[in-house]
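The values are calculated or read from the model by the stated rules, or taken from the named source; none is laboratory data. Since the model is a prediction, treat every value here as computed from it, not as a measurement. Here the Cβ is made from the backbone with ideal geometry for all residues, glycine too, and neighbour counts use every protein chain on show.
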Amino acid sequence: MHLLRPIRESDLPGLVALAKSTGGGLTTLPPDEEFLADRIENSLRAFSPRVRKPGGEFYLFALEDTTTHELVGVSGIASRVGGFDPWYSYEIRPEHHTHKPLKVEKDIPVLHLKQEHRGPSEICSLFLRADKRRGGVGRLLSLGRFLFIGAHAKRFTPTIIAEMRGYIDQTGQSPFWEAVGRHFFPIDFYAADVLSGLGEKEFITDLMPRHPVYVPLLGSEVQSVIGRVHHDTEPALALLLAEGFTKTSEVDIFDAGPLLRADTEKIRTLRSARTAKVKSAALPGGWPGQTPGGQPSTTVNTLPADAPLHLLANGALDFRATLGAVLENADGSVSLDATTAAALNLDVGDKVWISPLR
């Protein structure tokens with residue numbers, strides 16, 4: 001079983017190991033132990049019951065293999081981007097050019113630097129160990145956090161964005177960075193991206209070109225990667241598009257990766273989610289059930305081994321989410337596998353969040 005939960009201080013060694021294994025793909029969580037320790041501390045504060053509205057909190061979730069107790073993945077939510085340090089993107093706007101004597105009329109795409117100080121919530125910092133990318137584990141890591149957003153909607157904005165990693169060529173270079181950023185920043189792409197991830201934004205303010213960039217002035221090979229994702233990011237892009245996210249006219253300022261946006265209430269996982277009371281916790285195959293505390297239940301249930309998996313969560317601040325089967329009862333309640341109920345810290349009579357896994 002894999003369990004999604006808030007990160008803990010004891011997860012620091014595992015988080016450092018994951019960050020070192022990303023190959024530079026997780027710039028919001030660079031392999032810097034002191035920075036990652038601060039990230040964990042910030043996340044612990046974010047889960048405080050005192051939080052009532054989105055104020056830039058950063059929630060970090062750990063995906064644990066409950067058999068080995070290893071940290072095998074992470075994902076995060078920023079309650080609001082921007083703040084004292086602005087959040088940057090390039091917005092692509094068409095500029096209309098016309099000249100009747102030459103019968104010229106065309107729209108020219110132009111990159112305009114955009115700053116956000118009170119932006120929307122953002123899902124971010126997703127990474128899953130390569131050997132775990134099967135069996136719906138990636139969907140748990142990515143989509144499980146939507147159930148947390150649904151259960152604690154006041155902590156987040158009505159809009160969610162996602163910055164996708166941009167295209168990197170076979171030599172490990174970002175064509176967009178080489179064509180644009182390289183001329184303004186005396187560092188390489190990964191150094192700039194990591195600095196931004198560390199929260200060091202002053203160099204962007206001071207060095208980023210202040211005038212719009214006309215896309216046709218860039219080479220065709222550069223134009224073709226604007227809004228294109230990294231090969232390893234294609235599954236994540238497909239998953240979010242299926243959830244109801246759409247591409248926007250904005251791209252990342254460093255690698256031109258696309259920015260996705262969705263209305264929170266229209267995200268598929270949340271639209272199809274419901275809450276139900278746990279009636280009993282049954283053992284698979286129809287054995288007599290028991291409560292997570294070990295007491296016999298009043299009913300005997302059948303949870304077929306091939307029952308469809310659902311995304312399940314307890315909805316608490318001490319959040320837990322996993323994949324599991326449910327048995328729908330006539331009164332609207334559900335029965336869970338006893339092991340699943342125990343992993344979610346749920347007992348008979350508690351409320352469980354349920355969303356079909358598609």
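Residues in region 1-17 that are in a strand (DSSP E or B) and not charged (D, E, K, R): His2, Leu3, Leu4, Pro6. Selection over region 238-259 of residues that are under 22 Å from Phe189 (Cα atoms) and touching a strand residue (DSSP E or B) at 6+ places or on another chain (Cβ under 6 Å) gives a count of 9. For Arg45, the conditions (1) charged (D, E, K, R); (2) closer than 12 Å to Pro6 by Cβ; (3) modelled with pLDDT under 95 are fulfilled apart from (3). Within region 18-51, the residues that satisfy the criterion of being part of a helix (DSSP H, G or I) and closer than 23 Å to His231 by Cα are Leu18, Ala19, Lys20. Taken over region 170-188, residues that are part of a loop (DSSP other than H, G, I, E, B), out of contact with any Leu (no Cβ under 9 Å at 6 or more places or on another chain) and either without any contact (Cβ under 8 Å) to a residue 24 or more places away in the chain or aromatic (Phe, Trp, Tyr) (or both) amount to 5.
Of all residues in region 65-80, those that are surrounded by fewer than 23 Cβ atoms within 10 Å (Cβ to Cβ) and touching a residue at least 24 places away in the same chain (Cβ under 8 Å) total 9. Return a yes/no flag: does region 194-204 have any residue that is in contact with a Phe, Trp or Tyr (Cβ under 7 Å, 6 or more places away or on another chain) and closer than 13 Å to Tyr90 by Cβ. Yes - at least one qualifying residue is present in region 194-204. Looking across Ala192, Ala162, Ala151, one residue alone is touching a residue at least 24 places away in the same chain (Cβ under 8 Å), touching an Asp or Glu at 6+ places or on another chain (Cβ under 7 Å) and surrounded by 18 or more Cβ atoms within 10 Å (Cβ to Cβ). It is Ala162.
Scanning region 116-130 finds one or more residues that are free of Cβ contacts under 8 Å to residues at least 12 places away in the same chain, outside any strand (DSSP E or B) and closer than 28 Å to Leu323 by Cβ.
Would you check if Thr68 is of a type in the set (Ser, Thr, Tyr) and in a loop (DSSP other than H, G, I, E, B)? So Thr68 fits the description; yes. Among residues that are outside the structural domain of Ser335 (by TED's automatic domain parsing) and on the phi > 0 side of the Ramachandran plot, Gly244 is included.
Output the residue which, of all residues in region 52-65 that are in contact with a helix residue (DSSP H, G or I) (Cβ under 7 Å, 6 or more places away or on another chain) and part of a loop (DSSP other than H, G, I, E, B), is nearest to Glu9 (Cα to Cα). Restricting to residues being in contact with a helix residue (DSSP H, G or I) (Cβ under 7 Å, 6 or more places away or on another chain) and part of a loop (DSSP other than H, G, I, E, B), the top hit is Glu57.
Taking Leu240, is it modelled with pLDDT of 95 or more, part of a strand (DSSP E or B) and under 19 Å from Ala78 (Cα atoms)? Spelling it out, it is not the case that Leu240 is modelled with pLDDT of 95 or more, part of a strand (DSSP E or B) and under 19 Å from Ala78 (Cα atoms).
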